[in-house]
């Protein structure tokens, strides 16, 4: 990522963007390289500039944050996305995780929490606002898809791959990290998900929250 983390801001409120830029630019290890006031502009800037990380508002005119996240990651999968929103509805969290976002933070969070979330995601981790993580955990405990141990335990590789996926790594990045092919990663992922009864990336992150894989990120 170079000496400084390159950040793209996408929010339809000028004051919010100005505040975020001032906060991020004040950090010695990161800088804002561009701003967008809607999802369409965010996608175009992301494709053109290829920032390390995009901070994306969920509610924007035209192309919203969820659709923008899907498009950004579809075109530039190495970009990390942190969703920033006022919405505390857990369905938004699930949709953003499904879209490929690596983090979800409420706008009411403290300034240092935003910087912490950016750094966690930049290192390849996943971040969910603590208040929402607690609620997601309650949901998982109420009706967990993996409440009982799988009939066939995960292999070491399957567990490792699912852990890395839950922390925001792409299949290609995992392949390079554990020195196997992308196809092998996909096989471990599919087998692990099948054993645990998981159907999506959001399910993997939910499982990770319950197992404590994301703590201390």
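The values are calculated or read from the model by the stated rules, or taken from the named source; none is laboratory data. All values reported here derive from a predicted model rather than from experimental measurement. In this analysis, Cβ positions are derived from the backbone assuming ideal geometry, glycine residues included, and neighbour counts consider all displayed protein chains.
Mind telling me which of the residues 149, 130, 153 ends up being outside the structural domain of residue 70 (by TED's automatic domain parsing) and at pLDDT below 80? Spell out the reasoning first.
Values: 130 fails: outside the structural domain of residue 70 (by TED's automatic domain parsing); 153 fails: at pLDDT below 80.
Going through 149, 130, 153 in turn, the sole match is 149.
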(message) I'm trying to understand the selection: among the residues of the range 154-174, which are touching a helix residue (DSSP H, G or I) at 6+ places or on another chain (Cβ under 6 Å) and surrounded by fewer than 20 Cβ atoms within 10 Å (Cβ to Cβ)?
(response) 154, 157, 171, 172
(request) Please go through the range 192-209 and pick out each residue that is surrounded by fewer than 17 Cβ atoms within 10 Å (Cβ to Cβ) and assigned to a helix (DSSP H, G or I). (result) 194
(request) Return yes when residue 18 is surrounded by 24 or more Cβ atoms within 10 Å (Cβ to Cβ) and either in the same structural domain as residue 117 (by TED's automatic domain parsing) or not in a strand (DSSP E or B) (or both) and no when it is not. (result) no
(request) Any chance you could count how many residues in the range 97-116 are part of a helix (DSSP H, G or I) and under 14 Å from residue 56 (Cβ atoms)? (result) 3
(request) From 90, 94, grab the single residue that is more than 22 Å from residue 45 (Cα to Cα) and either modelled with pLDDT of 80 or more or surrounded by fewer than 19 Cβ atoms within 10 Å (Cβ to Cβ) (or both). (result) 90
